[in-house]
């Protein structure tokens, strides 16, 4: 309900706010919000700390662009192989981690290892990716067919494209979380041994949550790359993963809108307060620690709790 | 060719002890407190910059600057433990996340204080020694010897002293240890601070060999975690052996494969070990 | 025979926790398992439910071999186990706990149809499941606390919740590990009523317990274990009066002279 209202409100924002600068912040928040919603599924719901989403984020951006260029396809068709690749990687990594029921810390380390490996590959396969110099992306996603098609160009078009994408992601995530899949993942997070004896296939559901999270990160990555018109290996950096983790923790893990709120906070903060890049990083680190120690429910989680108490 | 191989082997062993001391810190912290302190790399960086500052800016002779540098790292570790990690004793994932948040804070702080420009410490000990027909810088040998000695002493200390045995007992069975009167809070803090001091020592010695930048911590903690997993989390000897294997592999690998691959070896080791023998080389296998 | 164990053995390094045990359970039968602590009772249940792998021997369910299957597959076949120390989803309410336990039932009744639930997030796809969980909660006398968090329950209620969750899985063989330990008289009477009801519905039960009165009354047949080996089998009274069983529990001096 609240989500629907928020969506309508956000759709109306450009009528009121004309400053390109502000709308750009919204666009970035929407895009990163998609990735954050995805991370919440593997971490907030299923309880597994994954460090692979930056890799999904970056790999999808590169793959979409390279496929588009190689076979002269549209953005949407180029996106499909990117998502397929991310799913395949999720299956491989998930098989390694979940089959042996490694402890939480090992999952984080193995996903980190694969993420870093991916970044090294991207950085050094200069023939394909142009290495650290990155790639300029001139192409744009196109909506519609034939004579009715319009490229997504300019702030307003991107605003609505990303808002709709985020809305779809939130709806999809919510559907999954509220279904038997979400219940099974929650059970795994709360008590894995019990979940097993109740017939829940731990391997399957962890894998599913992991794949969904990475697919959403991939979608976000492709949109991000095409919006900024540039991609380089830093998309796959650990810092990118940590930013997304921070969004979810600050906004409120396990809630539907928490990750989105977190995305807004993290994206908007450096612009609200004029501080340098290093200070921003310090501030984010401090807020992250504060969120973990003092406000484990995050912003949205705490609000929900207050609302329940009042009722 | 053999000259090159031997030279790289020896260099690898030396770098390996640096990885090993971080790995030791990782494995000690994890074994006793259950938390993986990803921020250990930052404490290494603190030790490195402290040593540089005391030696080059304040002007103390290096051997005099070494101990205070380690102490500074340890004190920072104490602060982190008392202010932050003390509250994550019950929730280990939180501890891990807090350590990640801490990385941002410390790294950015260092960037602000000293900028990204690499700092070079003045030569502490120049000259080389001929070993097996190869010239090795004396300082490298000193670093190797010191780190190996500290790691060995830690091992002995844990196995032989009362405190060490208490720590070991706690790691085996926290509940029983607590009931027997072992001051578990003190133990956890002690181990935590000790591992940050170890990292600081590694950093202070690192400073004599390489140039310093605020990002060094991130790289080394990853290598330390890789080495610890390779050797077997919870195994002290495993930490050193893991570090040595990693260091040697990277050095020898540099002969045959492009340097771009250097960081990949550790990552591949981690995946391979967890698939083949999750307990690590010195662990219990599967 | 619904379930058969043949020469089941479990070794942990040098220790043999379960030694060459063979027995069978049929539908609508309650099998009591007696034995002092450390005799291998819980390990036996862990072997059957797939949590531990067999070192030797076979397990047969409706004629098919089941050893080596993952625990969730065994649960899906109809064999459900409870825990000696109650395992619950502490952050959820009692009703939600039982709700999650409906996972298997949902899968069984709807199969791929449950995908529909993804498109109707506001309502559960099978209201029949809600009725079933309410029925189970009422039977286990947990309906009054259905909205309380599992973490705030009394010990007796925790144990009953464990049984309730197991029941929600629609088991054909229910393995209960000391369900009566720590329960008061009234709670034991309630537990007995629930278990008799299950037997009436045709569910087979394997129950471990130390409360000899409770289990002696309830069980149709009994096994006695000592040091992992089967030392007696038969009707409960016969087993409980078996000299080896008395010796195992109380010591040689208590065995009646003529026996």
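The values are calculated or read from the model by the stated rules, or taken from the named source; none is laboratory data. Nothing here was measured: the structure is a model prediction, and the numbers come from that model. In this analysis, Cβ positions are derived from the backbone assuming ideal geometry, glycine residues included, and neighbour counts consider all displayed protein chains.
Residue count for the range A:240-255 under the criterion of being free of Cβ contacts under 8 Å to residues at least 60 places away in the same chain and either within 11 Å of another protein chain (Cβ to nearest Cβ) or closer than 16 Å to residue A:283 by Cβ (or both): the result is 4.
Might you let me know whether the range B:106-120 holds any residue that is closer than 23 Å to residue B:216 by Cα, away from chain A (no Cβ under 14 Å), out of contact with any helix residue (DSSP H, G or I) (no Cβ under 6 Å at 6 or more places or on another chain) and not in a loop (DSSP other than H, G, I, E, B)? No: zero hits. Residue A:219 falls short on exactly one of the conditions (1) within 14 Å of chain C (Cβ to nearest Cβ); (2) buried (at least 22 other Cβ atoms within 10 Å of the Cβ), and that condition is (1). Taken over the range A:222-254, the residue count meeting the criterion of being assigned to a helix (DSSP H, G or I) and within 25 Å of residue B:222 (Cα to Cα) is 16.
In the condition set (1) in a helix (DSSP H, G or I); (2) in contact (Cβ under 8 Å) with a residue 12 or more places away in the chain; (3) crowded, with 21+ Cβ neighbours inside 10 Å, residue A:174 is compliant with all but (3).
Consider residue A:290 carefully, then state whether it is within 13 Å of another protein chain (Cβ to nearest Cβ), within 26 Å of residue A:189 (Cβ to Cβ) and buried (at least 18 other Cβ atoms within 10 Å of the Cβ).
It is false that residue A:290 is within 13 Å of another protein chain (Cβ to nearest Cβ), within 26 Å of residue A:189 (Cβ to Cβ) and buried (at least 18 other Cβ atoms within 10 Å of the Cβ).
If you go through the range C:62-80 and pick out every residue that is more than 14 Å from chain A (Cβ to nearest Cβ) and touching a residue at least 60 places away in the same chain (Cβ under 8 Å), you end up with 1. Across the range C:22-43, the qualifying residues are those that are in contact with a helix residue (DSSP H, G or I) (Cβ under 6 Å, 6 or more places away or on another chain) and in a loop (DSSP other than H, G, I, E, B), and the one among them that is farthest from residue C:223 (Cα to Cα) is C:28. Look at residue A:132 and say whether it is assigned to a helix (DSSP H, G or I), at pLDDT below 85, more than 12 Å from chain C (Cβ to nearest Cβ) and out of contact with any strand residue (DSSP E or B) (no Cβ under 6 Å at 6 or more places or on another chain). Answer is yes for this residue.
Return the total of residues in the range A:112-129 being buried (at least 16 other Cβ atoms within 10 Å of the Cβ) and either more than 24 Å from the chain's Cα centre (by Cα) or at pLDDT below 85 (or both).
Residues that pass the stated criteria total 2.
Applying a threshold of 8 Å to beta carbon distances and a minimum spacing of six or more residues, or different chains, the list of pairs starting in the range A:256-275 at a residue that is closer than 16 Å to residue A:296 by Cα and ending at one that is part of a loop (DSSP other than H, G, I, E, B) and modelled with pLDDT of 80 or more reads A:258/A:252; A:259/A:252; A:259/A:253; A:261/A:252; A:262/A:252. Considering the range B:79-97, the residues that are at the interface with chain A (Cβ under 7 Å from one of its Cβ atoms) and over 19 Å from the mean Cα position of the chain (by Cα) include one that is surrounded by the fewest Cβ atoms within 10 Å (Cβ to Cβ), namely B:87. Which residue, of C:83, C:89, is within 14 Å of chain A (Cβ to nearest Cβ), in contact (Cβ under 8 Å) with a residue 60 or more places away in the chain, within 15 Å of residue C:178 (Cβ to Cβ) and part of a loop (DSSP other than H, G, I, E, B)? Just a single option satisfies the conditions, and that option is C:83.
Listed here are the residues, each with its yes/no results for (1) assigned to a helix (DSSP H, G or I); (2) farther than 18 Å from residue A:54 by Cα; (3) touching a strand residue (DSSP E or B) at 6+ places or on another chain (Cβ under 9 Å).
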site	(1), (2), (3)
A:261	yes, yes, no
A:266	yes, no, no
A:269	yes, yes, no
A:282	yes, yes, no
A:291	yes, yes, no
A:295	no, yes, no
A:301	yes, yes, no
A:305	yes, yes, no
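Only a single item in (1) farther than 30 Å from residue A:114 by Cβ; (2) part of a helix (DSSP H, G or I); (3) modelled with pLDDT under 80 is not met by residue B:171, and it is number (1). One residue stands out among those in the range A:79-99 that are more than 21 Å from the chain's Cα centre (by Cα) and surrounded by fewer than 14 Cβ atoms within 10 Å (Cβ to Cβ): the one that is farthest from residue A:51 (Cα to Cα), which is A:99. Per the listing B:203, B:242, B:190, B:283, the residue uniquely in a helix (DSSP H, G or I) and either farther than 27 Å from residue B:79 by Cα or within 12 Å of another protein chain (Cβ to nearest Cβ) (or both) is B:242.
Within the range C:92-107, the only residue that satisfies the criterion of being part of a loop (DSSP other than H, G, I, E, B) and either buried (at least 22 other Cβ atoms within 10 Å of the Cβ) or more than 9 Å from chain A (Cβ to nearest Cβ) (or both) is C:102. Identify, please: which residue in the range C:202-225 is in contact (Cβ under 8 Å) with a residue 24 or more places away in the chain and surrounded by fewer than 20 Cβ atoms within 10 Å (Cβ to Cβ) and is, among those, nearest to residue C:188 (Cα to Cα)? That would be C:211. Put simply, of A:190, A:117, A:194, A:166 the only residue that is touching a residue at least 24 places away in the same chain (Cβ under 8 Å) and farther than 22 Å from residue A:79 by Cβ is A:190. Assessment of the range C:29-46 against the conditions (surrounded by 22 or more Cβ atoms within 10 Å (Cβ to Cβ), on the phi > 0 side of the Ramachandran plot, more than 14 Å from chain A (Cβ to nearest Cβ) and touching a strand residue (DSSP E or B) at 6+ places or on another chain (Cβ under 6 Å)) yields at least one matching residue.
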